[in-house]
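Structure, as structure tokens:
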Amino acid sequence: MSLFNPHLILHLLLLTVVTGEILRPRFYSETCPEAESIVRREMKKAMFKEARSVASVMRLQFHDCFVNGCDASVLLDDTPNMLGEKLSLSNINSLRSFEVVDYIKEALEKACPATVSCADIVIMASRDAVALTGGPDWEVKLGRKDSLTASQKDSDDIMPSPRANATFLIDLFKRFDLSVKDMVALSGSHSIGQGRCFSIMFRLYNQSGSGKPDPVLEPGYKKKLNKLCPLGGDENVTGDLDATPHVFDNQYFKDLTSGRGFLNSDQTLYTSRETREYVKRFSEDQGEFFRAFAEGMVKLGDLQSGRPGEVRSNCRVVNRRHNDVLLVS
């Protein structure tokens, strides 16, 4: 879909101007004072069990907040009456580690039943994923409600493709009131984690329909990716997004300056005039990157649609009330 589709533009404008819940730091200080420590404890457990899982959980914030605000809609399973976001083009066979959120929710429900929203869990867990892997730590604003519905179409219409270029990304982020600097810094989330061969096959074998590889790829890195992702091979095989996939640092930006960006949407940040300077600055100054990333994550977490919500007892299903009895749909 074209970025300039009128329906999409209206949707994004509504998302950025409608006032939702009033978010503030330490929202659960009285109702669930151990909430943030419980989330971090469970994230530590997840990281020790599978290092990649924390990066996967961090991605949930981006995929959730960009689609109708930070409301945990991305966690909802499909129902007979609702086709949710998990099978959207950007999420199918890609988003993972939903079970980590389930474990966190279970621990919080034992400590403080029906108090902490799934939407806030995603925000806290994303912050902790960064902090636990060596990145910045920051104070999160909380108090979100959980969505009563989800939409695969909304996700398909909004979430960018791995083929996206810097111009597309700048325009998209701008509609969420996120600056060019925010966009480049937030792309640094790819400092940890892995991506699928599916996302780079065109770069390796048919960039821009040329029948040739992306000429920007550094030869040694291209050879490595060809071995990892051979033509006709399993496109669900995963590769590291940067050279230090378990450490949140500025290696991601250093890799981009040397033609070793895994995704096209990553590498284009260095080849584009509009974003190159930020890539260079972040590659040279990790502290500046960390500050910009934390600021961007807070801004991203502020996105709300203003739609009605609830605190779900289960992050994968919507609660519904009938004759004052809480049921699970």
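The values are calculated or read from the model by the stated rules, or taken from the named source; none is laboratory data. Because the structure is predicted, anything quoted here is derived from the model rather than measured. Here the Cβ is made from the backbone with ideal geometry for all residues, glycine too, and neighbour counts use every protein chain on show. Quick note on the areas: whole protein, heavy atoms, side chains included, nothing else; ligands and nucleic acids left out. Shrake-Rupley method; radii C 1.70, N 1.55, O 1.52, S 1.80 Å.
Give me the lysines in straight-line cross-link reach of Lys141: C-alpha distance below 24 Å, same-chain residues under 8 apart excluded.
Leaving aside lysines fewer than 8 places away in the same chain, those within reach of Lys141 are Lys44, Lys45, Lys105, Lys110, Lys174, Lys181, Lys299.
Under 18 Å between alpha carbons, and skipping anything fewer than 8 positions from Lys224 in its own chain: which lysines qualify?
Cα-Cα hits under 18 Å: Lys212, Lys254.
With +1 on each Lys and Arg Cβ and -1 on each Asp and Glu Cβ, and nothing else charged, work out how big the dipole of the stretch 166-300 is about its Cα centre, in Debye to the nearest 20.
340 debye
Identify which of Ile38, Ile200, Ile22 has the largest mean-square fluctuation in a Gaussian network model of the chain, with springs joining Cα atoms closer than 10 Å.
Greatest mean-square fluctuation among the candidates belongs to Ile22.
For a quick check, take a GNM of the chain with Cα springs below 10 Å and name the residue from Gly69, Gly193, Gly309 with the largest mean-square fluctuation.
Sorting by GNM fluctuation, first place goes to Gly309.
Measure off 7 Å from each Cα along the Cα-to-Cβ vector at Ser29 and Glu139, then give the distance between these two points in nanometres to one decimal.
0.8 nm
Suppose the chain between Thr115 and Ser37 were pulled fully straight at 0.36 nm per residue; how much longer would it get relative to their current alpha carbon spacing?
26.6 nm
Order the peptides 260-266, 85-91 from the highest to the lowest mean number of other Cβ atoms within 10 Å of their residues.
Going from most to least packed, we get 260-266, 85-91.
Just to make sure I understand: if all protein chains stay in place, what is the order of Asp137, Asp157 by accessible area at 1.4 Å, largest first?
Ranked list, largest accessible area first: Asp137, Asp157.
Along Cα→Cβ, 7 Å out, is where each label goes; now give me the distance between the ones at Ser179 and Phe48 in nm to one decimal.
Calculated label separation equals 4.1 nm.
Using a 10 angstrom cutoff on alpha carbons, build the Gaussian network for the chain and name the most mobile of Ser258, Ser155, Ser126.
Largest GNM mean-square fluctuation: Ser258.
Can you compute log10 of I(q)/I(0) for the chain with the Debye formula, treating each Cα as one identical point scatterer, at q = 0.13, 0.14 Å⁻¹?
Summing over Cα pairs of the chain leads to -0.97, -1.13.
Could you give the angle, 0 to 90 degrees to the nearest 10, between helix 6-17's Cα long axis and the longest principal axis of the Cα atoms of the chain?
That helix lies at roughly 60 degrees to the long axis.
Divide the volume of the convex hull of the Cα atoms of the stretch 80-147 by its number of residues and quote the answer in cubic angstrom per residue.
136 Å³
Taking θ as phi - 60°, what are the ³J(HN,Hα) couplings along the stretch 268-284 by the Karplus curve (6.51, -1.76, 1.60), each to the nearest whole Hz, with x for Gly and Pro?
5, 5, 8, 7, 8, 4, 6, 10, 4, 4, 5, 4, 4, 4, 5, 5, 9
Could you tell me the extents of the stretch 137-207's C-alpha atoms along the three principal axes, largest first, rounded to whole Å?
47, 30, 25
Using label points projected 7 Å from each Cα along Cα→Cβ, tell me how many nm separate Lys227 and Ile92, to one decimal.
3.3 nm
I'd like the Karplus ³J(HN,Hα) series for the stretch 111-121: coefficients 6.51, -1.76, 1.60, θ = phi - 60°, whole numbers in Hz, and an x wherever there's a Gly or Pro.
Each residue of the stretch 111-121 in turn: 7, 8, x, 6, 10, 9, 6, 5, 4, 5, 4 Hz.
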